[in-house]
Amino acid sequence: MEFKPLFTGKLVRLAAPQPEDNQYFAKWSENDEYLRVADNDPAQPITPEGWTQFETSVLNSPNSFHFRLRTLADDTLIGGVGLFQIQWMHQVGSLGIAIADPAYWGKGYGTDALQLILGYAFRELNLYRVGSSTIAYNIRSIKVHEKVGFRQEGVQRSFIQREGQRFDVILYGLLRPEWEARQTL
């Protein structure tokens, strides 16, 4: 039996966190444009120590799997991706991705990373459904979700408020049979 690679795509690889990574995440937390597309939380800079505390409290759960995204070309750290809120009995989980370094936006790294984490979700964790969401103004995220096969399942209307304007959150889902059908394309 020959297995498909779990951690290596065409442009990126899923890597384990390294202690020095937190300085990069702290630097990226000073980019308000990145923060406003990556998360619903208020934008605020975080120190490397603050990032370490966040990871310890939130990301280290038996119901989540988080990876760093590193380029294959030169092993540059460009962001992170993970599966969280996994409900093992129902074989469902949620996905989060952030290409944090703006130099890598719009160049296929997000697509490659999503394809990798979905392969991990369905082939390694045996999930049946993966959900995700994005803010309606994050056009890059919308395009990449739809490109890898996610289907829009709903909208949380006027969920986000930014600078006096309200924005929808788009809810996506992808089922194992839908993902499998795309693997033969």
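We did not get these values from a lab; they are worked out from the coordinates using the rules stated. In this text the structure is predicted, and so the values were computed from the model without any measurement. So basically every Cβ, Gly included, is an ideal-geometry build from the backbone, and we count neighbours across all protein chains shown.
Overview of results
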item: Whole-Hz couplings from phi, Karplus 6.51/-1.76/1.60, listed for region 72-80; x for Gly and Pro; result: 6, 4, 9, 6, 6, 6, 10, x, x
item: For the chain, calculated [θ]222 nm from helices alone, where every DSSP H run of n ≥ 4 adds -39500 (n - 2.57); result: -7500 deg cm²/dmol
item: Sequence-separation-based contact order of the chain, relative, with Cα cut under 8 Å and 6+ spacing, percent; result: 18
item: Amide H contacts of Phe159 (H built 1.01 Å from N, under 5 Å, at least 5 apart or other chain); result: Phe167, Asp168, Val169
item: Sorted by Cβ density within 10 Å, fewest first, the residues Phe67, Phe167; result: Phe167, Phe67
item: Cα-based shape type of region 1-42, given that a ≥ b ≥ c are square roots of the gyration tensor eigenvalues and the cut on a/c is 1.5; result: prolate
item: 10 Å-binned pair-distance histogram of region 1-77 (Cα, whole percent); result: 16, 40, 35, 7, 2
item: Footprinting exposure proxy for Val169, Val12 (fewest neighbouring C-beta atoms within 10 Å first); result: Val169, Val12
item: Principal axis box of the chain, alpha-carbon based, largest edge first, Å; result: 48, 39, 33
item: Count, lysine Cα pairs under 25 Å in the chain, 8 or more residues apart or across chains; result: 8
item: GNM top mover of Glu20, Glu124, Glu163 - the chain, alpha-carbon springs below 10 Å; result: Glu163
item: Distance between region 111-185 and region 1-68 - C-alpha centres, whole angstrom; result: 18
item: Under Karplus coefficients 6.51, -1.76 and 1.60, residue-wise ³J(HN,Hα) of region 45-52 in Hz, glycine/proline x; result: x, 10, 6, x, 5, x, 5, 4
item: Relative exposure of Tyr109, Tyr24, judged by other C-beta atoms within 10 Å (fewest first); result: Tyr24, Tyr109
